[in-house]
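Data block below; observations after.
The values are calculated or read from the model by the stated rules, or taken from the named source; none is laboratory data. Note that the coordinates shown come from a computational prediction; the quantities given were computed from them, not determined experimentally. A quick note on method: Cβ atoms are made from the backbone with ideal geometry, for glycine too, and the neighbour counts reach across all protein chains shown. These area figures cover heavy atoms from the full protein model, side chains too; ligands, DNA and RNA do not enter into them. Shrake-Rupley method; radii C 1.70, N 1.55, O 1.52, S 1.80 Å.
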Amino acid sequence: MTETTLKLGVNVDHVATLRQARGTDYPSVVEAALACEAAGAHGITIHLREDRRHIQDADVYAVREQIGTRLNLEMANHPEIVEIALDVSPAEVCLVPEKREELTTEGGLDVAGNMNALRDPVRRMKDASIVVSMFIDPDPQQIQASATLGAPCIELHTGTYCDLPPNERGPELERLVKGARQAHELGLQVNAGHGLNLANLPGIFDVPYMDTLNIGHSIVAHAVMVGMPVAVRAILDAMTPYTGGKP
Ligand code: PXP
């Protein structure tokens, strides 16, 4: 297995996208998750959206039951999904914003603006020993709000950074670096994800204190060409040079 200090959570939502496109019973999300684990992934991430466009309720239960690593369930703060999360009891939930018309998660969660709505679900999930993570932009107010709410973990949204042309990424990288430092000082675990691929990944190695990267679309897209084990190992190899943000 590839040695790396940085952990990888593979998001297998788009295996389900392929299945839902035809209403078949293949490709299997569980089989994909097991292949990711066998290739060295440290966890599996899935997003049960309110519109159920890819992952279905049965997938969540099946993946939870059959994987040997950690399940990270991405979810909106919606009462129905909160109840499912409490029933499934994944190792971790990552609270994300969700809009029906979006192609994928756009922007981070507004934790600061939704403290009252988030307080009870966060408390209930923490009481159930689920690690609660907040998917947020590298914004000082959102990082502070996540800590105030008692979430032990944040996932920094790297999508803005990834979408910029390489020569214009500097200021957003600086925001990610500062955000990671602030979160670490507040005692929060720092994860990151969204839009990462083999080409843009090394650019975020300046971000300190990262524990886990959650990567989905680019791995599944690569896997279509080379198979899941090769695609997962390629990302793990690319993650190996990370030194925790220290030169
Ligand atoms: N992290 C979060 C919170 C996400 O919502 C997603 C997309 O589902 C990812 C990571 C993975 O993003 P990508 O598919 O662009 O790698």
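Which whole-angstrom value gives the distance between the alpha carbon centres of region 146-163 and region 200-247?
Value for the Cα centre distance between the two parts: 18 Å.
Out of region 1-90, which trypsin sites (Lys or Arg not before Pro) are coil in DSSP terms and have no more than 16 other C-beta atoms within 10 Å?
R22, R52, R53
Rounded to the nearest whole Å², what accessible area per residue is found for the chain with the 1.4 Å probe?
45 Å²
Show the residues, 5+ positions off or on another chain, whose built amide H is closer than 5 Å to the amide H of E74.
I46, H47, L48, C94
At a 1.4 Å probe, what is the % contribution of carbon and sulfur to the accessible area of region 95-207?
On region 95-207, the fraction of accessible area on carbon and sulfur atoms equals 50 percent.
Rank E185, E174 by accessible area, highest first, at a 1.4 Å probe radius?
E185, E174
Once you list every other residue whose beta carbon is under 11 Å from the beta carbon of S133, what net charge do they have if Lys and Arg are +1 and Asp and Glu are -1?
Taking every other residue near S133 into account, the sum is -4.
Treating cross-link reach as a plain straight distance, find the lysines whose alpha-carbon is under 21 Å from the alpha-carbon of K246, omitting any fewer than eight places away in the same chain.
Reachable lysines: K7, K178.
Restricting to DSSP loop positions (anything but H, G, I, E, B) with no more than 16 other Cβ atoms inside 10 Å of their own Cβ, which GluC sites (Glu not before Pro) remain in region 83-173?
Here the GluC sites (Glu not before Pro) that fit, given the DSSP loop and packing criteria, are E101, E102, E106.
Suppose every K and R has +1 on its Cβ and every D and E has -1 on its Cβ; what is the size of the dipole of the chain about the Cα centre, in Debye to the nearest 20?
340 debye
I'd like the Karplus ³J(HN,Hα) series for region 158-166: coefficients 6.51, -1.76, 1.60, θ = phi - 60°, whole numbers in Hz, and an x wherever there's a Gly or Pro.
Listing the rounded values in order: 9, x, 4, 4, 5, 6, 7, x, x Hz.
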